[in-house]
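**Student:** Next up is a structure, given as structure tokens.
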Amino acid sequence: MTATTRDKAVAEKAATVEFRRLRREFGKTIALDGLDLAVRPGELLALLGPSGCGKTTALRLLAGFEHPDAGEVLVDGQDVTGVPAHRRDAGMVFQSYSLFPHLSAVDNVAFGLRMRKVRTAERRARAAVLLELVGLGDKGERFPHQLSGGQQQRVALARALALRPRVLLLDEPLSALDAKVRLTLREEIRRLQRELGITTLFVTHDQEEALSMADRVAVMRAGRLEQCAPPSELYGRPATAFVAEFVGTMSRIPGHLDGTTVEVLGQRLPADGEVPATPEVDVLVRPEAVHVAAEGQGDARVVATAFLGATTRLTVRMADGVEIKADLSTHEAAALAAGTAVRVSLPRRPVLVAERAH
Amino acid sequence: MARLNPWRWCVLACAGLYFLVPLAASVVFTVDVPGQGVTFDAYTHILSADGFLSSLLLSLELAAATIAAVLLLMVPAMVALRLGAPKLRPVVDVVCSLPLVVPPIALAAGMGTVLKWGPEHLSRTPLFQTFVAIQNPSFPFVLVLAYVVMALPFAYRALDAGLRAIDVPTLVEAARSCGASWPQALVRAVLPNLRGALLNTSFLTLALVLGEFTVAQLLGFQPFAVWIVTVSGSQAQLSVAVSVLSLLVTWALLLALAGFGGRSRTASRG
Ligand SMILES: Nc1ncnc2c1ncn2[C@@H]1O[C@H](COP(=O)(O)OP(=O)(O)OP(=O)(O)O)[C@@H](O)[C@H]1O
Ligand SMILES: [Mg+2]
């Protein structure tokens, strides 16, 4: 089968998922407050947001472990809110290690097939293939306590895929692992997900993880969807100030809004997107968009430098005490040690403005 | 394992002496009859005594029924508690500890009163038959009821320790996302990981039932413990022989249970 026909077959088979005005309260806490979200067939969608914004709750609603107070969960256009968890066809990998301690790796993976009454020989064979797929072909007879954390999560992934689910749900599967394992496993999950073309929801509060893995990233805040867009768009054109500051680093520079232009750092730049009603605003800028040049009479000073490899991040304090972060290539930054007087400017491009923060 | 330095040896030896000396003395007393040398008469006498086998069997049946009842009652209840209402745990904790503060003699007296009062007031209802049936001397179910209550504190502690060691909600959810229904999730994912706790519960219940005297005696039944006291009343040597024997029987049963549990554990661990 060629790649394109396979992709087509995958796209036809993969499921769509849709959350419609989902609401869920736990006592006084509102975990989900009218969440609307659509996941396209075969895509990997990352749910990103600060702790407690309802990411896990959304996932558990889809898996059938929670029930919404209001709203619908649609899979392939059909409301599944009444379907019990074990008939939802959703494979899930949990944040905590969730392998069955009394079963070997192979038997863990084969557990779902056993529930489907597949014969022993056949289900062990299929489980072995899946273990091979996650790179643990030789560890099948090990018990969970004999596997490392990363290996356990791989087995959990194989177990979640064993029943060929329509959607794959990953709830911070990498958060308990160390940085290096996290990186390799991240790539592996992505590769597998592409190969199988399975619609996937991936919860994380690590923005780098979300941006590097996902086809689209949904940023949540307090139980609602803030923005759902491809990583590059999310980073380059954040729809709201919250998204702008949550994804990547943003500096706030006070400016004065005048119609649709904003005066900042002695420059007049067009404002991008929606503008607040008040004239006193903050301009949001990414570190890589800030120009810094040495200037003897400049009233801004470099207060700190941090070496990041190819680039160096400068922290510049303005005369009024505002701090701005700027990324410069390391050889440019060599001339700008801490204490140097500098001048800061912005490129002539539309800028994002937000209400002044206090 | 910790190294056994002289100090620890000393403690171990003292503890050993404390347990073994009385036991050895008892054994010597039963086999060394003055004027006859070493003889096992006392033991052969017990084995041939009237009611040995029947009372032992009755005790074993009662123990089996009690273990089954305790496990069937407590395991689902405690798993449900973990999953559904973790906040209720302190309440259940207190309720399950209550039998510890009610002396068995009070329990027996209370049950005796009810058993007497019940049939009088219910003689015209089908409940009368129930009262008769649970007091059937060949299998007094009423004792099982009493033993379940008395075993409750131990069973609760043992099961609680087992449940604490595993993450029940996550295991159940993992099983459910693998297509297991509720009962399947419990039987296939949770219970196998509670084997140690189930075994401990069975241990404690077995030991309790085999050694229980007060309630059985007061309600007028004759399981092993009661039979031992009845038999031993007449002869000093016999009475000691009987308690040595009952100790050995209990040990043998506990070892059998442990061996059974241990074997299946290693088998499943491959
Ligand atoms: N079973 C529950 N009982 C009570 N409150 C709950 C329950 N589950 C979640 N909540 C509350 O709902 C809110 C959202 O929880 P949720 O677990 O969905 O957050 P999250 O986005 O996954 O956070 P994190 O990144 O920390 O995992 C939180 O305020 C949490 O305290
Ligand atoms: Mg969470």
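The values are calculated or read from the model by the stated rules, or taken from the named source; none is laboratory data. If you're wondering where the values come from, they're calculated on a predicted model, not measured in any experiment. Glycine gets a Cβ as well: all are built from the backbone with ideal geometry, and neighbour counts include every protein chain shown. The area values use the complete protein model at the heavy-atom level, side chains included, leaving out ligands, DNA and RNA. Shrake-Rupley method; radii C 1.70, N 1.55, O 1.52, S 1.80 Å.
Here's the yes/no breakdown for (1) away from ligand 2 (no atom under 16 Å from the Cβ); (2) acidic (D, E); (3) at pLDDT 90 or above; (4) open to solvent by 50 Å² or more (accessible area, probe 1.4 Å):
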position	(1), (2), (3), (4)
A:R154	yes, no, yes, no
A:R166	yes, no, yes, yes
A:Q193	yes, no, yes, no
A:G197	yes, no, yes, no
A:V203	no, no, yes, no
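**Student:** Would you tally the residues in segment B:46-96 being modelled with pLDDT under 90, surrounded by 13 or more Cβ atoms within 10 Å (Cβ to Cβ) and among the hydroxyl-bearing types (S, T, Y)?
**Tutor:** Total satisfying the criteria: 2.
Yes/no per residue for (1) away from ligand 2 (no atom under 12 Å from the Cβ); (2) in the same structural domain as A:G197 (by TED's automatic domain parsing); (3) over 21 Å from the mean Cα position of the chain (by Cα):
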{"residue": "A:L32", "(1), (2), (3)": "yes, yes, no"}
{"residue": "A:E43", "(1), (2), (3)": "yes, yes, no"}
{"residue": "A:K55", "(1), (2), (3)": "no, yes, no"}
{"residue": "A:L59", "(1), (2), (3)": "no, yes, no"}
{"residue": "A:L62", "(1), (2), (3)": "yes, yes, no"}
{"residue": "A:F65", "(1), (2), (3)": "yes, yes, yes"}
{"residue": "A:A70", "(1), (2), (3)": "yes, yes, yes"}
{"residue": "A:L74", "(1), (2), (3)": "yes, yes, yes"}
{"residue": "A:G77", "(1), (2), (3)": "yes, yes, yes"}
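**Student:** Among the listed residues A:T340, A:T330, identify the single one that is of a type outside the set (D, E) and either open to solvent by less than 30 Å² (accessible area, probe 1.4 Å) or closer than 13 Å to A:R301 by Cα (or both).
**Tutor:** Every option except A:T340 fails the conditions.
**Student:** Only residues that are within 16 Å of ligand 1 (Cβ to nearest atom) and part of a helix (DSSP H, G or I): list them for segment A:186-231, please.
**Tutor:** A:Q207, A:E208, A:E209, A:A210 - these are the residues of segment A:186-231 that are within 16 Å of ligand 1 (Cβ to nearest atom) and part of a helix (DSSP H, G or I).
Yes or no, residue by residue, for (1) part of a loop (DSSP other than H, G, I, E, B); (2) surrounded by fewer than 21 Cβ atoms within 10 Å (Cβ to Cβ); (3) hydroxyl-bearing (S, T, Y):
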{"position": "A:M92", "(1), (2), (3)": "no, no, no"}
{"position": "A:F111", "(1), (2), (3)": "no, no, no"}
{"position": "A:K117", "(1), (2), (3)": "yes, yes, no"}
{"position": "A:R123", "(1), (2), (3)": "no, no, no"}
{"position": "A:R126", "(1), (2), (3)": "no, yes, no"}
{"position": "A:L131", "(1), (2), (3)": "no, no, no"}
{"position": "A:G135", "(1), (2), (3)": "yes, yes, no"}
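**Student:** State which residue pairs qualify: first residue under 25 Å from B:A64 (Cα atoms) and inside segment B:178-200, second residue open to solvent by 30 Å² or more (accessible area, probe 1.4 Å) and part of a helix (DSSP H, G or I) in any location, beta carbons under 7 Å apart, and separation of 6 or more residues or different chains.
**Tutor:** What qualifies is B:R195/B:R265; B:A197/B:A161; B:L198/B:L71; B:L199/B:L257.
**Student:** Now, a different point. Taking the condition of being more than 7 Å from chain B (Cβ to nearest Cβ), out of contact with any strand residue (DSSP E or B) (no Cβ under 8 Å at 6 or more places or on another chain) and either surrounded by fewer than 24 Cβ atoms within 10 Å (Cβ to Cβ) or among the acidic types (D, E) (or both), how many residues in segment A:94-106 meet it?
**Tutor:** 3
**Student:** Considering only residues of segment B:166-179 that are in a loop (DSSP other than H, G, I, E, B) and closer than 14 Å to A:L99 by Cα, which is least open to solvent (accessible area, probe 1.4 Å)?
**Tutor:** That would be B:C178.
**Student:** Pull out all pairs, ordered by first then second residue, where Cβ-Cβ is under 7 Å, the residues are six or more apart or on different chains, the first lies in segment A:36-65 and is within 14 Å of another protein chain (Cβ to nearest Cβ), and the second is assigned to a loop (DSSP other than H, G, I, E, B) and within 16 Å of ligand 1 (Cβ to nearest atom).
**Tutor:** From segment A:36-65, the pairs are A:T57/A:E66; A:R60/A:E66; A:L61/A:P68.
**Student:** Scan segment B:132-149 residue by residue and report those that are closer than 19 Å to B:S55 by Cβ and not β-branched (V, I, T).
**Tutor:** B:Q135, B:N136, B:P137, B:S138, B:F139, B:P140, B:F141, B:L143, B:A146, B:Y147
**Student:** Could you count how many residues in segment A:286-307 are of a type in the set (A, V, I, L, M, F, W, C), open to solvent by 10 Å² or more (accessible area, probe 1.4 Å) and within 24 Å of A:Y235 (Cα to Cα)?
**Tutor:** Number of matching residues: 4.
**Student:** When you scan segment A:308-322, how many residues do you find that are loosely packed, with under 14 Cβ neighbours inside 10 Å and either modelled with pLDDT of 90 or more or charged (D, E, K, R) (or both)?
**Tutor:** Number satisfying all stated conditions: 1.
**Student:** Scanning for something in a strand (DSSP E or B) and in contact (Cβ under 8 Å) with a residue 40 or more places away in the chain, does segment A:301-312 turn up at least one residue?
**Tutor:** Yes, there is a match, as at least one residue in segment A:301-312 is in a strand (DSSP E or B) and in contact (Cβ under 8 Å) with a residue 40 or more places away in the chain.
**Student:** Which of the residues belonging to segment A:34-89 are away from ligand 1 (no atom under 14 Å from the Cβ), part of a loop (DSSP other than H, G, I, E, B), open to solvent by 20 Å² or more (accessible area, probe 1.4 Å) and of a type outside the set (D, E, K, R)?
**Tutor:** Within segment A:34-89, A:P41, A:G42, A:G77, A:T81, A:G82, A:V83, A:P84 meet the criteria.
**Student:** What are the pairs with Cβ atoms under 7 angstrom where one residue, in segment A:107-133, is more than 10 Å from every other protein chain (Cβ to nearest Cβ) and the other, located anywhere, is among the β-branched types (V, I, T)? Sequence gap at least six, or different chains.
**Tutor:** The qualifying pairs are A:R124/A:V106; A:A127/A:V106; A:A127/A:V109; A:A128/A:V106; A:L130/A:V109; A:L131/A:V106; A:L131/A:V109.
**Student:** Note down all Cβ pairs under 9 Å where the first residue falls in segment A:170-190 and is away from chain B (no Cβ under 14 Å), the second is hydroxyl-bearing (S, T, Y) and within 16 Å of ligand 2 (Cβ to nearest atom), and they're at least six residues apart or on different chains.
**Tutor:** Going by the 9 Å Cβ cut-off, the qualifying pairs are A:L174/A:T204; A:S175/A:T204; A:R182/A:S175.
**Student:** Answer with yes or no whether B:A158 is part of a helix (DSSP H, G or I), more than 30 Å from B:A49 (Cα to Cα), within 14 Å of another protein chain (Cβ to nearest Cβ) and open to solvent by less than 40 Å² (accessible area, probe 1.4 Å).
**Tutor:** no
**Student:** Can you pull out every residue in segment A:322-336 that is within 17 Å of A:G266 (Cβ to Cβ) and not in a strand (DSSP E or B)?
**Tutor:** Correct list: A:V322 only.
**Student:** If only one of A:A179, A:A214, A:A241 is among the small types (G, A, S), touching a Leu at 6+ places or on another chain (Cβ under 9 Å), more than 16 Å from ligand 2 (Cβ to nearest atom) and open to solvent by 20 Å² or more (accessible area, probe 1.4 Å), which one is it?
**Tutor:** A:A241
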